[in-house]
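Participant: Could you have a look at this structure, given as structure tokens, before my questions?
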Amino acid sequence: MPRTLKQQVVRLQFDGPAAAPMAHARFCLQYRDQCKVRRTVFRGGPAKLTAERWAELNRVNTEVNRAIRPEPNTLGVAYERWLIGPSAGDCNDYAVTKRHELIRRGWAARNLLLAEVVVASGEHHLVLVIRTTDGDVVADNLNANIRPLTAPRYRWLRAQSPVNPLFWTAISRLSA
């Protein structure tokens, strides 16, 4: 893992239950396996980020960013659909596709959290937060690189619960 990330061990801090995005309910109905609770019998906690895992994470991020052509949802929230692996889509499609691909490759779902943020323009945006022993990092279609939580200047709103992917929690702050 790059030295710049290792120096910044920052994690999301949760503040209690939050309503899930409306499209998340539809997503869970369509992709039931993506929203099921996966019990951990042993070795819970953040993912250990070995050199191989770091390379795999970057590979998935790059492949998904290249595979999906950006296409904004111009119809509004009521028509929002989160799709895995579409040829064209918005931030939601990138985030759920990255999460799906990492789970398929053996990453623990509890360490792959969809999170809603607000970007500088005021637009709501979905990213994937990867919880690692070196801190939480962000996979985002607005940037080609995996970055520490503090790199993007986002206002963090809510994220999937690491305990149950059906539930969401408010993000109170980022902490070291």
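Participant: Limited to the stretch 160-176, what total is found for residues that are within 25 Å of residue 55 (Cα to Cα) and crowded, with 20+ Cβ neighbours inside 10 Å?
Facilitator: 2
Participant: Taking only the stretch 118-134 into account, find how many residues are hydrophobic (A, V, I, L, M, F, W, C) and over 23 Å from residue 108 (Cα atoms). So that I can check it myself, show each step before the final result.
Facilitator: Step one: of the stretch 118-134, the residues hydrophobic (A, V, I, L, M, F, W, C) are 118-120, 126-130.
Still in the running and over 23 Å from residue 108 (Cα atoms): 118-120.
Total satisfying the criteria: 3.
Participant: Pairs under 9 Å by beta carbon, first residue open to solvent by less than 20 Å² (accessible area, probe 1.4 Å) in the stretch 143-154, partner of a type in the set (Ser, Thr, Tyr), six or more apart or different chains?
Facilitator: Close Cβ pairs (under 9 Å, with a partner that is of a type in the set (Ser, Thr, Tyr)) amount to 148/4.
Participant: Continuing with this model, one more query. I need every pair where a residue in the stretch 119-138 that is acidic (Asp, Glu) has its Cβ under 6 Å from the Cβ of a residue that is modelled with pLDDT of 95 or more, sequence separation at least 6 or different chains.
Facilitator: Qualifying pairs under 6 Å: 136/129.
Participant: Within the group 75, 49, which residue is open to solvent by 60 Å² or more (accessible area, probe 1.4 Å), closer than 29 Å to residue 155 by Cβ and not in a helix (DSSP H, G or I)? Spell out the reasoning first.
Facilitator: Values: 49 fails: open to solvent by 60 Å² or more (accessible area, probe 1.4 Å).
After ruling out the rest, the residue left standing is 75.
The values are calculated or read from the model by the stated rules, or taken from the named source; none is laboratory data. It should be emphasised that the depicted structure is a prediction, and the values quoted were computed from it without experimental measurement. We place every Cβ from the backbone using ideal geometry, glycine too, and count neighbours over all the protein chains shown. The accessibility values were calculated without ligands, DNA or RNA, using every heavy atom of the protein model including side chains. Shrake-Rupley method; radii C 1.70, N 1.55, O 1.52, S 1.80 Å.
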